[in-house]
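First the structure, in the form of C-alpha cells, and then the observations on it.
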Amino acid sequence: MTTPNISDPQQVEPTPTKRVLLAAPRGYCAGVDRAVVTVEKALELYGPPVYVRKEIVHNKHVVETLRRRGAVFVDETDEVPEGATVVFSAHGVAPIVHEEASALSLKTIDATCPLVTKVHREARRFASDDYDILLIGHEGHEEVVGTSGEAPEHITIVDSPDDVANVEVRDPSKVVWLSQTTLSVDETMETVRRLREKFPQLIDPPSDDICYATQNRQLAVKQMAADTDLMIVVGSRNSSNSVRLVEVALEHGARAGHLVDFADEIEESWLDGVETVGVTSGASVPEVLVRDVLDYLASRGYQDVQPVVAAEESLLFALPNELRRDLKARSGAEASKVRHDAGSLH
Ligand code: SF4
C-alpha cells in the first residue's frame with residue numbers, strides 16, 4: 001500500500017467536486033408564455049407580417065425567433081401601417097397607446113401580462129380617489145412608462161431607496177405605493193421602509209405588485225447563493241427580472257455572478273477554481289438556453305446537476321380575448337366548411 005506523501009500538497013489536496021445547483025422555478029412565467037404564444041397564434045391566424053410594439057418579452061432569442069417567423073418589431077405605434085395588426089407586449093402600454101392605435105384603425109391584440117394589468121387597475125383606482133401614487137420602479141422601463149401613463153399627474157416614480165429623500169407629495173395622509181412587477185423584493189422593501197419613515201400614513205398596495213414569478217425565482221437564488229462559487233443567470237441585459245437575479249445572488253453570498261444570453265458567452269476563466277456553479281434563468285428565457293448552459297458545463301466536468309426547488313408553479317393565463325374570439329371564429333368556419341364539404345359528397 002502506498003502511504004500518501006503529506007509533504008507533497010499535490011497528494012493531500014482533495015479533488016474538487018464539480019457540481020451544478022439548478023434553480024427551480026426558473027425561466028418562462030405565465031405572462032411570458034401567454035405573450036409569446038399570442039404572437040405565434042397571431043402569425044398562424046392572420047399570416048405575416050404581424051407587428052409587435054416593443055420587444056414582446058425582453059429576450060434576444062425569443063425576439064429573433066419570432067422575427068424569423070414574420071413578426072415585425074416596432075418602437076412606436078405610428079410605425080405600423082394603417083389597418084394592420086399589432087400586438088402590445090407583456091410589459092403593458094399607457095392608455096394613449098390604445099388611442100394612437102385606434103386613430104390608425106389598427107387591429108390590436110393586447111398581450112399585457114394580467115399581473116401588470118392589475119397594477120394599472122390599482123393606479124387608476126387610487127388616482128380616481130385623488131391619492132398621490134409612489135410607483136417604485138425603474139425610470140424608462142416599458143412597464144413603468146405604461147403604468148405611469150394611467151395617471152401621470154398622480155404618479156411619482158421612485159427608482160431606488162436613495163431616491164426617497166427627493167420625494168414630495170401633496171398630502172402625506174393620502175399616499176400609496178405601488179411597484180413594477182419585476183423588482184428585487186429586498187430592495188423594494190427597503191424603499192418602502194424609507195418611504196414610510198417619511199410618510200407614516202403610506203398605504204400598501206391591495207396585494208403584492210412584485211409578481212409570483214419574480215418572487216419565486218429570487219427565492220430559489222437566495223436558497224443556493226451561499227453555496228455557489230459562480231452564479232450563471234441566463235437572460236438578456238434589458239430583462240429587469242434577470243438582472244435582479246444576478247444582484248440577489250451576489251447579495252446572498254454567491255462569490256461571482258454573470259448574466260448571459262447564450263452559453264457561448266460564458267468565459268472559461270469564470271470557472272477557474274470553481275466547484276459549485278448555480279444556474280438559473282429569468283422569466284422570459286426559454287428552457288433550451290438553460291440546456292445549452294448545462295451542456296457547456298457538463299463538457300467541462302460539471303455533470304452532477306442538483307435541483308434546488310423553492311416553489312411549485314402551475315399558473316396559466318388564457319390568451320387575450322380578441323385573439324380567442326378570432327381563433328374560435330376560424331375553428332367555427334373550418335368546422336362548417338368540413339360539414340359543407342361532407343354534405344356535398346352525398
Ligand atoms: S414576470 Fe411576472 S408580471 Fe412579468 S410577465 Fe411574468 S408573470 Fe407577468
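Calculate, in nm to one decimal, what residue 17 and residue 327 gain on full extension: separation in residues at 0.36 nm each, minus their alpha carbon distance.
Length gained, residue 17 through residue 327: 106.3 nm.
From the phi of every residue in segment 238-252, what ³J(HN,Hα) in whole Hz does the Karplus formula 6.51 cos²θ - 1.76 cosθ + 1.60 yield, where θ is phi - 60° and glycine or proline is x?
With coefficients 6.51, -1.76 and 1.60, one gets 8, 8, 4, 5, 6, 4, 4, 5, 5, 4, 4, 4, 5, 5, 9 Hz.
Could you check the spin-label model distance between residue 189 and residue 40? Points 7 Å from the Cα along Cα→Cβ, value in nm.
Each label point is offset 7 Å from its Cα along the Cβ direction, giving 3.7 nm.
If r is the Cβ-Cβ distance from residue 166 to residue 298 and R0 is 56 Å, what FRET efficiency results, to the nearest 0.05?
The computed FRET efficiency comes out at 0.70.
Give the residue list of chymotrypsin sites (Phe, Trp or Tyr not before Pro) in segment 201-287 that are DSSP loop and have at most 15 other beta-carbon atoms within 10 angstrom.
Hits after loop and neighbour filter: 262.
Sort 167-178, 297-308, 56-67, 226-237 by the packing proxy (mean of other Cβ within 10 Å over each peptide's residues), most packed first.
Highest to lowest by the protection proxy: 226-237, 56-67, 167-178, 297-308.
Pairs of alpha-carbon atoms within less than 8 angstrom and 6+ residues apart define the contacts here; what relative contact order does the chain have, in percent? Could you put the intermediate results ahead of the total?
Details: 631 pairs, mean separation 79.7, N = 346.
Relative contact order of the chain: 23 percent.
Based on Cβ point charges of +1 for Lys and Arg and -1 for Asp and Glu, what charge dipole magnitude is obtained for the chain about its Cα centre, in debye rounded to the nearest 20?
Roughly 1320 debye for the chain.
In segment 114-148, which GluC sites (Glu not before Pro) are in a loop and have at most 13 other Cβ atoms within 10 Å, using DSSP for the loop call?
Answer in residue order: 139.
Taking the Cα centre of segment 118-232 as origin, sum charge times position over the Cβ atoms of Lys and Arg (+1) and Asp and Glu (-1), and report the length of that vector in debye to the nearest 20.
On the way: 12 positive and 23 negative charges, 73 e Å.
Roughly 360 debye, rounded to the nearest 20.
Find which of 59, 81, 112 sits farthest along the positive direction of the dipole of segment 30-113, computed with +1 on the beta-carbon of Lys and Arg, -1 on that of Asp and Glu, about the Cα centre.
59
Can you give the FRET efficiency to the nearest 0.05 for residue 267 and residue 291, using r as the Cβ-Cβ distance and R₀ = 22 Å?
The calculated FRET efficiency here is 0.65.
In the structure displayed, which of 60/222; 18/222; 18/54 lie more than 31 Å apart, Cα to Cα?
Long pairs (Cα-Cα over 31 Å): 18/54.
I'd like the distance separating the alpha-carbon centroids of segment 72-145 and segment 294-319, in whole Å.
32
Give, as ranges by residue number, the residues of segment 30-57 whose backbone N falls under 19 Å from the point 7 Å along Cα→Cβ of residue 103.
The answer is 53-54.
Report the gain in length on full extension from residue 196 to residue 318: 0.36 nm times residue separation, minus Cα-Cα distance, nm rounded to one decimal.
40.2 nm
Considering only the other residues whose Cβ falls under 11 Å of the Cβ of residue 303, what net charge follows from Lys and Arg at +1 and Asp and Glu at -1?
Neighbourhood net charge equals +1.
Just how large is the dipole of segment 30-113 about the Cα centre, in debye to the nearest 20, putting +1 at every Lys and Arg Cβ and -1 at every Asp and Glu Cβ? Write down the numbers at each step before the final one.
Values: 9 positive and 13 negative charges, 79 e Å.
Charge dipole of segment 30-113: 380 debye, to the nearest 20.
Using the Karplus equation 6.51 cos²θ - 1.76 cosθ + 1.60 (θ = phi - 60°), what ³J(HN,Hα) coupling, rounded to whole Hz, does each residue of segment 27-36 give in order, writing x for Gly and Pro?
x, 2, 9, 5, x, 6, 4, 4, 5, 5
Bear in mind that the values in this text are calculations on the coordinates, not laboratory data. Just so it is clear, the structure is predicted and the values come from calculations on it, not from any experiment. Cβ coordinates were reconstructed from backbone atoms using ideal geometry, including for glycine residues, and neighbour counts include every protein chain displayed.
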